[in-house]
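Each remark here refers to the structure printed beneath this line.
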Amino acid sequence: MPLVNAKEMLTKAKAGHYAVGQFNINNLEWTKAILLTAEELNSPVILGVSEGAGKYMCGYKTVVGMVNGMLEELNITVPVALHLDHGSYEGAKACIEAGFSSVMFDGSHYDIDENVAKTTELVNICNEKGLSIEAEVGAIGGEEDGVIGSGECADPEECKRIADLGVTMLAAGIGNIHGKYPANWAGLSFETLDAVQQKTGDMPLVLHGGSGIPDEMVKKAITLGVSKVNVNTECQLAFAEATRKYIEAGKDQEGKGFDPRKLLAPGFEAIKATVKEKMELFGSVNKA
Ligand SMILES: O=C(O)C[C@@H](O)[C@H](O)C(=O)COP(=O)(O)O
Ligand SMILES: [Zn+2]
């Protein structure tokens, strides 16, 4: 099946009280592992590409070529959206041109009026071209210069202003953090999430920083309107751990164990296992 935008899969998820996973891709192994797992579990899936990962993979056109090639060669039949993650205004335009099916414009660092103005322009372009679009209100926390900043809680009124522009999905800060959560993390603010959902109605809400949130909190967030959960760090940690074990066991020095097709295989399987676990947790299995 060719790429689809994320509108239908997220509308169904919101109505069906489950969430679709966005898994960030970093290279060929990542992409193949995520697509094969989605197909095996009959689950819709969103492939997230940050601007940095896009550059690393030789640009957005390369990413589009690789993903479209895999959809065809691997006979992927489940709905797959290719989505720019935390995009700038220029990055969003470049991805629209390159053939992505969905973009995120992260205007959370602008004041609300500028966020509204830029989001509006991109909503118009995406509508015209048939892409889905995610916007963000309230910055997500995370590590900067070695310090882990706590996540902001979005203002529900500002969320409504952005939702009313006609975006497909809305990321609202609810105390969530990118990367590893610190031991003293206060947890998700369900009060904020509830207030955002009440103001934004049927709008699918997005939970960023999906790695390391206790399962029960993720499930509760889904009951309060989260329809898309973003995961990157947990796949990276699983890949790194499996690769380290392989090398520490000296397997790269046995026979042809240094061949990248063998060396990267444990990490590939570890990503598959992580994605499977998350799809089961989010409830998207058999929802393709
Ligand atoms: O780190 C990235 O490049 C992608 C993330 O920002 C993604 O949008 C996300 O929210 C995943 O968070 P994580 O699971 O905490 O890495
Ligand atoms: Zn994010």
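Structural remarks
- Just the protein heavy atoms count here, and of the accessible area of the chain at 1.4 Å, carbon and sulfur take up 51 percent.
- Helix axis angle, 265-282 relative to the chain longest principal axis, alpha carbon, degrees: 30
- Maximal additional length on extending the residue 237-residue 258 stretch stands at 5.4 nm, based on 0.36 nm per residue less the C-alpha distance.
- Efficiency of FRET from Cβ geometry, residue 277 and residue 42, R₀ 25 Å, rounded to 0.05: 0.95
- Per residue of the chain, the DSSP helices (runs of n ≥ 4 H) give a summed -39500 (n - 2.57) that works out to -14500 deg cm²/dmol at 222 nm.
- Student exercise, the chain dipole from Lys, Arg, Asp, Glu Cβ charges, in Debye to nearest 20: 900
- Theoretical FRET efficiency, 1/(1+(r/R0)^6), r = Cβ-Cβ of residue 183 and residue 269, R0 25 Å, to 0.05: 0.25
- When DSSP beta bridges are restricted to pairs lying wholly in the chain, around 10% turn out antiparallel.
- Per residue, in Å², the accessible surface of the chain once ligands and nucleic acids are set aside, probe 1.4 Å: 44
- Measuring r between the beta carbons of residue 77 and residue 111 and using R0 = 35 Å, the FRET efficiency lands at 0.20.
- Neighbour net charge for residue 108 - beta-carbon separation under 9 angstrom, K R +1, D E -1: -3
- Residues listed by number, the range 75-116, amide nitrogen under 19 Å from residue 1 label point at 7 Å toward C-beta: 75-84, 100-103
The values are calculated or read from the model by the stated rules, or taken from the named source; none is laboratory data. Not measured: the values here are computed from a predicted model. Cβ coordinates were reconstructed from backbone atoms using ideal geometry, including for glycine residues, and neighbour counts include every protein chain displayed. Please note that ligands, DNA and RNA were not included when accessible areas were found on the heavy atoms of the full protein model with its side chains. Shrake-Rupley method; radii C 1.70, N 1.55, O 1.52, S 1.80 Å.
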